[in-house]
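The values are calculated or read from the model by the stated rules, or taken from the named source; none is laboratory data. In this text the structure is predicted, and so the values were computed from the model without any measurement. Cβ coordinates were reconstructed from backbone atoms using ideal geometry, including for glycine residues, and neighbour counts include every protein chain displayed.
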């Protein structure tokens, strides 16, 4: 059974794409044609998935947009749809969990058994024992928050912890905790200098990069700072700029067009990967 | 409208109790009489609530134990039951959320609109802007992870960040971020020296203290380290030692007996509060 990181690498090459579409379905921004439907969240996300699946290495549903609206069943249906229709695509459940072991076991069950995600985002604040239940099975992965894309992240992440910043310490700890090649890190596109520093620290470890598009991150700077020697190593997420590219009946086509542009921009700027 | 902290103080005095019962319903540990029922999680927790309500200042449902089993509806029903039957009791949703602002708004909606919680536990790793949506309404509160009860917490929380530990910096940041008296901190009973240090830093701020009982925290040391001048300031949580005090048909009575013992032990050891 290949590990999560091996499956991600296979998808990077097979799809020739580092693009991840974030599924953050804000009910106030859904196309008018879908509003009022009981399954509007699912229908919207499924249309986005079907319009962009061949363009992406991963989909990243953000669980808060489902749980705020009692739509867990729609999230289950959405991931089941991805599994059934697009078996090579990785599903990263963006949940930023973090708790002591006995509770983390329940969160791992939620992510991997209930939602059948391939990987989950986690907070590192409670340390290694809080991560262990998510790493019990090598086919699953976890991305630890390292340098987040928001301005407020500075208060902790940029603290000097004895000659290095806290986000650098997290990167080094992730290397140590990464016994089976299952870990990645979250590093925002809004801080390319720190992205370069993390890449220098962690070798080939996958980096999940939010902050492109609506948050202002730059594609060229992200690639220059974060790609590996073979032009991969990055899961570059875009949510709002793709989901809400259009508001009319052609929203899915508009989303696809935005995703094509971003995938192509990424591919133009990255080192040429081996064809494959 | 009183703030969250004012309502908590009122309940400490009215119930003459610092005890919080954590609702972590592990399906493998439910009484035999309830197993197999569709609403077993709700029925178990409701029985615990009804048996202990007069003994507690707060209930703390741990959301992972519900979401791992598609039991969000049972969590809604449970909190609705507490609201209806025991209106003075605070409900702290233990969810340890933490995300950028737009997503944090959805998590705040989940906690306060869907579940009607009074307060929520949050991770501080992403900084002040990740907390803001939870503090939009003064009647709601948030407890930030500071010094957690698990061993792995050392890796980050005990880092020296320029003459103080990271958990001390979190305590000082919480003071600064606490514009409307809505914040508290999570400090594990397993580290009484750090609990004393946090108390010295934050004045009267409420501290949510897990780790009593199954995790080995000591009641006397907790009170000595953490109580305020008037013998309050603490929300002392016990989950497993109360929930699973008995496994038979009398599980609720056993839970009540365990809760009485712990409440009384706390009250014997704390400074005498003014009679309510």
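Inspection of segment A:160-179 identifies no residue that is in contact (Cβ under 8 Å) with a residue 40 or more places away in the chain, part of a loop (DSSP other than H, G, I, E, B) and in contact with a helix residue (DSSP H, G or I) (Cβ under 6 Å, 6 or more places away or on another chain). Which one is farthest from residue A:257 (Cα to Cα) among residues in segment A:16-28 that are modelled with pLDDT of 95 or more and within 14 Å of chain B (Cβ to nearest Cβ)? This residue is A:26.
Residues that are within 25 Å of residue B:265 (Cα to Cα) and surrounded by fewer than 21 Cβ atoms within 10 Å (Cβ to Cβ) within segment B:12-28 comprise B:13, B:14, B:15, B:16, listed in sequence order.
Residues considered: B:193, B:220, B:245. Of these, the only one that is over 29 Å from residue B:140 (Cβ atoms), exposed (fewer than 15 other Cβ atoms within 10 Å of the Cβ) and in contact with a helix residue (DSSP H, G or I) (Cβ under 6 Å, 6 or more places away or on another chain) is B:220. Against the conditions (1) surrounded by 21 or more Cβ atoms within 10 Å (Cβ to Cβ); (2) over 23 Å from residue A:142 (Cα atoms), residue A:31 satisfies every one except (1).
How many of the residues making up segment B:154-168 are out of contact with any strand residue (DSSP E or B) (no Cβ under 9 Å at 6 or more places or on another chain) and more than 7 Å from chain A (Cβ to nearest Cβ)? Adding up the residues that qualify gives 2. Filtering segment A:29-47 for residues that are touching a strand residue (DSSP E or B) at 6+ places or on another chain (Cβ under 7 Å) and either over 26 Å from residue A:236 (Cβ atoms) or away from every other protein chain (no Cβ under 14 Å) (or both) leaves a non-empty set. Within segment B:171-208, being under 15 Å from the mean Cα position of the chain (by Cα) and over 15 Å from residue B:149 (Cβ atoms) holds for B:182, B:183, B:184, B:205, B:206. Note on segment A:202-217: residues that are surrounded by fewer than 19 Cβ atoms within 10 Å (Cβ to Cβ) and at pLDDT 95 or above amount to 2. Applying the selection to segment A:175-202, what residues are within 11 Å of another protein chain (Cβ to nearest Cβ) and in contact with a strand residue (DSSP E or B) (Cβ under 9 Å, 6 or more places away or on another chain)? Of everything in segment A:175-202, those that are within 11 Å of another protein chain (Cβ to nearest Cβ) and in contact with a strand residue (DSSP E or B) (Cβ under 9 Å, 6 or more places away or on another chain) turn out to be A:177, A:186, A:188, A:190. Out of curiosity, is residue B:223 more than 30 Å from residue B:127 (Cα to Cα) and assigned to a helix (DSSP H, G or I)? For residue B:223, the condition - more than 30 Å from residue B:127 (Cα to Cα) and assigned to a helix (DSSP H, G or I) - is not met.
Need the failing condition index for residue A:119 against (1) on the phi > 0 side of the Ramachandran plot; (2) in contact (Cβ under 8 Å) with a residue 12 or more places away in the chain, just the number. Looking at each condition in turn, residue A:119 falls short on (1).
Number of residues in segment A:251-276 that are loosely packed, with under 14 Cβ neighbours inside 10 Å and modelled with pLDDT under 95: the value is 5. The single condition among (1) assigned to a helix (DSSP H, G or I); (2) modelled with pLDDT under 95 that residue B:247 does not satisfy is (1).
Any chance segment A:142-153 includes a residue that's in a loop (DSSP other than H, G, I, E, B), more than 17 Å from the chain's Cα centre (by Cα) and at the interface with another protein chain (Cβ under 7 Å from one of its Cβ atoms)? No, segment A:142-153 has no match at all.
Could we say that residue A:168 is closer than 24 Å to residue B:107 by Cβ and more than 15 Å from the chain's Cα centre (by Cα) here? So residue A:168 fails the test.
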